[in-house]
Structure formats: structure tokens, C-alpha cells
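The values are calculated or read from the model by the stated rules, or taken from the named source; none is laboratory data. Predicted model only: the values in this text are computed from it and were never measured. Don't worry about glycine lacking a Cβ; one is built from the backbone with ideal geometry, like all the others, and counts go over all protein chains shown.
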Amino acid sequence: MRFRAAFRVCESRNRAQLLLQPQASRSFSQLPINSQRPSFGIAFDIDGVVLRGRVPIGGSPQALRRLYGDSGALKVPFLFLTNGGGVPETRRATELSELLGVHILPSQVVQGHSPFKTLLKRFENELIIATGKGEPAVVMSEYGFKKVLSLDEYASYFENIDPVSQYKLWTTKQESGNGSDPKKLVPKYNATSDRVKAAFVVSDPVDWGRDIQVLCDILRSGGLPGHKNTQQPPLYFAADDLEYQAAFPFERLGMGAFRIALESVFNRIHCNALEYVSFGKPNPFVFKNAEAILRQLQSSCNDNAIDNGDVGSNPFKTIYMIGDNPLVDIKGARQAGHPWFSILTRTGVFRGKDNHAEFPADLVVDTVEEAVDYILTEESTS
């Protein structure tokens, strides 16, 4: 039986679904600011909304600057809610700050693998494997997991585990500090005798063939390749996006596509079906977590505000989810229900003239700048 939870799609709220026409932008300083802390927050997707590759799109730098005061202090609580990842939130915040021209805090970056922190108590001192682009082992180590190996390094301790490695033109940098020759590697842990207690797909894998082979070895052997044990270690995916918008004009296959490939192969060679847990949008847990983080950010907004009760405890009237993927961003916001309001942009996965048929957004716009303009105008008159 799979570990995936079945989430009920909430009934659409009684809001008119809007198609926004382009209009003149207004700066934040032109909008009235009351003495209370903001009663709304914003969650931005990244790929296809504010960036394409490493290039800002849709007027995103200008849009984000309007969420800060003249002094540079945050006026509106917002965060980035992305299924992407592969690097620690601290590093991603620095990268976003440089690309978008505003100061982004690590707490404003919620990546697909951020919920892995909740599993620390269970696996803190157990041998775990992390795979994906970037630095998956570093990510897990920064979360506090003490015995982490990247799948790159783990595979290097098993001779011939990847039967086609000699045909690959690229090389993988090893993290042990002993060079790239597997025969000279000294395992950090007893990789060839200790069982792997869990496997984490932190971001989109680079070498699908190798990763599918090694993960199948780990999962169908009870965590120790080459041995027989049908008890599968837990497997976690940071997200389950089938496609996403990157720098290439057309959508790219995402972690969900890798999961489908792994599951298909595993189920053909193993007596039991693959068991796994997927995090990331549209999982309702992700949206509840984002709301909690926004409440914390709310307490730092508008230093001149009058506090009524505990700092950061004031409920949001509205949280705006700005995304480009109806099956991920819009579906997730709809499932989360009140106070989420979904805004769909045409700069990424979605390119339609009208709203999405299966998961219609509350509002459809061309760019993220138009979305922010709508929000600030709406909130100034509410």
C-alpha cells in the first residue's frame, strides 16, 4: 500500500474568476498604508513566474520592490513557494536577492525539500541517501541529518553497480576529498555493510539511469545492495511535478516524471509495489506551512503598526498564491481553501487565453507584475 495520502479537493470559493486586463501600475508608496500590520500575504512560485532559468521575467524585480518601504524594510509579508531546490535555503535566498535586486531572507524561501526537516527526529542518526541536482547531501546535512551520503558518493563504493559508467563522458566530483578514483575512496560510513534507512529525492536527478538502478538496488534489498530483504526502506520525493518551465521555450520533465520512471521499473522487477511519500505543491501541508511562515513574517512588517494581541498571531484575510502551473500552484491553493486566493500567470507552463478548465484560478493575468498591481490595488480599498 502506498504512503501517498488522498487529499479531498475543496469546493471552489464563491469568488468570481477574473481575467485581468493590463492596466497602469502604481507604486506601493501611492497606496494607502494603515496603522495595522498587513492582513494579507503573498506566495510566489519561482520558475515560470519570477524567473526563467536565471533571467527575471514578467517585471518581477519591479513588482517585488513595491513590497518594500523606502528604507528597504518589508512592508508586505511574502515568500517564495517552489517545488524546486537542490541547494540550502540560505544559498537560494542569496541567489534570488542578486537576481531580483531585493533582500530575500532564508525564511522567505520554501523549497520542495524544506518539509524534510520534519523527518529529522526519525532519521537524524540513521544512514540516509540523498539524490538530485545541486548538493542534496549538503541540504540534508544543514537540516541536521548526521549520516548523509549523496547517491553519487554511495554508488562509488560499490564496484560495477552502474554497468555503463565507463561509457559516460562526464565525471562526478566526490565529496570524500580523496579524488575521483573509486578505489581510493574511504567511506565516511560503513556504506557497504550498514543498511540505508531512507532515501530522499531532493531535486531532479541528473543521471536518471544510474539513479534508477541504484535506488532499485537499495529499495528491493532492504537498504543493502546485493542482499535479499523485501522490506523496502522509506522513499521520499521533494515534489511530484510532471513538468516545469525552465529556460528552454517548452516545458521540461520534472521530478514527477522521474518518479513515474522509477516506479514503473521497480514494480516490474519487485514483488511489491513501490511505496513512497511526495511533498511539495499541491500537498495541503505545504500551504499550511507557508501560512505559518507568513504569519511570522507578518510580525516584522510595518514597524509603526499597532499590535493587537500577540505578534504575528493576526489571521490573514487573504493569502495570494501566484503561480504558472494549474495542476500544482492553482490546485494546491484551491485545496487549501480559505484564506488562499489563486492567481495564474501566462509566463510559464500556462499559456492559455482563458482560465484553466480543470483547475481554474480566481484570477488570470499576463505577468507577475500585473498580479502584484492587482493585489496592492485590491488591498488598498478593502
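Applying the condition of being farther than 15 Å from Ala199 by Cβ and among the acidic types (Asp, Glu) to the range 236-276 and asking which residue is surrounded by the most Cβ atoms within 10 Å (Cβ to Cβ) yields Asp241.
Scanning the range 182-237 for residues that are assigned to a helix (DSSP H, G or I), at pLDDT 90 or above and closer than 13 Å to Asp152 by Cα returns Trp208, Gly209, Arg210, Asp211, Ile212, Gln213, Val214, Leu215.
When restricted to residues that are touching a Pro at 6+ places or on another chain (Cβ under 6 Å) and of a type in the set (Ser, Thr, Tyr), the range 114-157 contains 4.
Annotation note: of Val87, Val102, the sole residue that is in contact with a Phe, Trp or Tyr (Cβ under 9 Å, 6 or more places away or on another chain) and in a loop (DSSP other than H, G, I, E, B) is Val102. Of all residues in the range 119-141, those that are without any contact (Cβ under 8 Å) to a residue 12 or more places away in the chain have Cβ atoms under 7 Å from Cβ atoms of residues that are part of a strand (DSSP E or B), 6 or more apart or on another chain, in Ser141/Val148. Restricting Glu124, Glu159 to those that are surrounded by fewer than 24 Cβ atoms within 10 Å (Cβ to Cβ), modelled with pLDDT of 95 or more and of a type in the set (Asp, Glu) reduces the list to Glu124. Checking each residue of the range 101-115 against the condition of being more than 27 Å from Leu376 (Cβ to Cβ) and either surrounded by fewer than 18 Cβ atoms within 10 Å (Cβ to Cβ) or touching an Asp or Glu at 6+ places or on another chain (Cβ under 9 Å) (or both) gives at least one match.
The number of residues in the range 327-373 that are under 17 Å from the mean Cα position of the chain (by Cα) and either buried (at least 23 other Cβ atoms within 10 Å of the Cβ) or hydroxyl-bearing (Ser, Thr, Tyr) (or both) comes to 8. In this structure, Glu135 qualifies as modelled with pLDDT of 95 or more, surrounded by 12 or more Cβ atoms within 10 Å (Cβ to Cβ), under 24 Å from the mean Cα position of the chain (by Cα) and over 18 Å from Val196 (Cβ atoms). Whether a residue is out of contact with any helix residue (DSSP H, G or I) (no Cβ under 9 Å at 6 or more places or on another chain) and basic (Lys, Arg) was assessed, and Arg259 passes this test. The residues of the range 68-84 that are within 15 Å of the chain's Cα centre (by Cα) and in a loop (DSSP other than H, G, I, E, B), listed by number, are Thr82, Asn83, Gly84. Taking every residue in the range 356-382 that is over 12 Å from Phe40 (Cβ atoms) and pairing it with any residue that is part of a loop (DSSP other than H, G, I, E, B) and aromatic (Phe, Trp, Tyr), at least 6 positions away or on another chain, the pairs with Cβ-Cβ distances below 7 Å are His356/Phe350. Of all residues in the range 337-382, those that are part of a helix (DSSP H, G or I) and closer than 18 Å to Ser39 by Cα total 10. Is it true that some residue in the range 27-44 is at pLDDT 95 or above, closer than 23 Å to Phe237 by Cβ, aliphatic (A, V, I, L, M) and not in a loop (DSSP other than H, G, I, E, B)? For the range 27-44, residues at pLDDT 95 or above, closer than 23 Å to Phe237 by Cβ, aliphatic (A, V, I, L, M) and not in a loop (DSSP other than H, G, I, E, B): present.
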